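Scroll down for the structure; my scribbles are underneath it.
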Amino acid sequence: MDQKDILLAVETERLRLCAFLEQLDPADWLVPSLCQGWTVHDLVAHLTIPTRATMPDVIIGAIRARGNFHRMTARQARDRAARFTPDELIAQLRETAGSDRRMPGSGPMDPLVDVLVHGQDIARPLRRPLPMPVTLAVAALDYVLDNRFTGAPKRVADLRLVAADADWATETGTAEVRGPAADLLLAAMGRPEGLSTVSGSGIDRLTERLRDGSAPGTSRGGR
């Protein structure tokens, strides 16, 4: 994907997520997401930050969190969730859906990974469908598996991932994990929920790695 295609995909997925969020009940916003300790409200607040953050925001946040990136993003998300209602956050997400602004230090693919993965972090605990486009799931997989910052290379080391719904697979690996591209992406990003539809000789190894406490994966766009 070139940068123009990535930006269009980010805008489309953000707007699709907005349409999904508009259907939620007030109680749904209090449901725990797949990101441990984060509610749906917290996570949506988090998704509005990358297009608004500045370098001073990041520096101050890092100082307050004593250099802990996960602590910083959690604090920023909860602060924003306390300030804005669900309707306000949806409006903010829609307002900057097509923005090419992103967190300092992040790359063009990071916002796409964020909206794809966090969309599932929100939708799956609610048991509401939010299908992930297969072509985008594959593009996201290619990106995170080559990015140590996400933690994905370590989680799937020595495993051969095979998409059951696309002509895609990693080239090497001593044991196979096969499943929908969206679920392979979730598992690679540290979500045990992604294991629900996968199979193969490497499933026990991947399950153990996720059970051992690997934190949910992070792109430079967020958690």
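The values are calculated or read from the model by the stated rules, or taken from the named source; none is laboratory data. Just so it is clear, the structure is predicted and the values come from calculations on it, not from any experiment. Virtual Cβ from ideal backbone geometry, glycine too; neighbours counted across all protein chains shown. Each accessible area value is taken on the protein alone, full model and side chains, heavy atoms only, with ligands, DNA and RNA left out. Shrake-Rupley method; radii C 1.70, N 1.55, O 1.52, S 1.80 Å.
What is the angle, in °, between the Cα long axis of helix 69-83 and the longest principal axis of the Cα atoms in the chain? Nearest 10 is fine, range 0 to 90. Taking the Cα atoms of the chain, the angle to 69-83 is about 40 degrees. Taking ASP42, ASP212, ASP87 in turn, the Gaussian network model of the chain (Cα-Cα springs below 10 Å) assigns the largest fluctuation to ASP212.
Here is how the number arises for the chain: DSSP H runs of 4 or more residues each give -39500 (n - 2.57), the sum is divided by the residue count, and the result at 222 nm is -15500 deg cm²/dmol. Considering every Cα-Cα pair within the chain, what fraction, in whole percent, is farther apart than 33 Å? Value for the chain (Cα pairs over 33 Å): 12 percent.
For ARG160, the residues whose amide H sits under 5 Å from its own are THR174, ALA175, GLU176, VAL177, ignoring neighbours fewer than 5 places away on the same chain, with H placed 1.01 Å from N.
Computing FRET efficiency as 1/(1 + (r/R0)^6) for SER199 and HIS70, where r is the C-beta to C-beta distance and R0 is 41 Å, gives about 0.85. In sequence order, region 92-98 has phi-based couplings of 5, 5, 5, 4, 10, 4, x Hz under the Karplus curve 6.51 cos²θ - 1.76 cosθ + 1.60, θ = phi - 60°, and Gly or Pro positions carry x.
Using only side-chain charges placed at the Cβ, +1 for Lys and Arg and -1 for Asp and Glu, the dipole size of the chain relative to its Cα centre rounds to 840 debye. Between ASP158 and LEU8, what's the calculated FRET efficiency when r is the beta-carbon distance and R0 is 41 Å? Round to 0.05. E between ASP158 and LEU8, to the nearest 0.05, is 0.70.
Surface analysis of region 63-216 yields an accessible area of 48 Å² per residue, using protein heavy atoms and a 1.4 Å probe.
Per-residue extension of 0.36 nm, minus the Cα-Cα distance of ASP142 and ALA27, leaves a gain of 37.8 nm for this segment. Each peptide among 181-191, 73-83 gets the average number of other Cβ atoms lying within 10 Å of its residues, and from highest to lowest they stand as 181-191, 73-83. Rounded to the nearest 20 debye, the dipole magnitude of region 62-192 is 820 debye, with +1 charges on Lys and Arg beta carbons, -1 on Asp and Glu beta carbons, and the Cα centre as origin. Using only Cα atoms and rounding to the nearest 10 degrees, what angle (0 to 90) does helix 109-126 make with the longest principal axis of the chain? Approximately 90 degrees, to the nearest ten.
Annotation for ARG52 and GLU208: the two label points, set 7 Å from Cα along the Cα-Cβ direction, are 4.4 nm apart.
For the chain, the longest principal axis of the C-alpha atoms and the axis of helix 55-64 are separated by about 80°.
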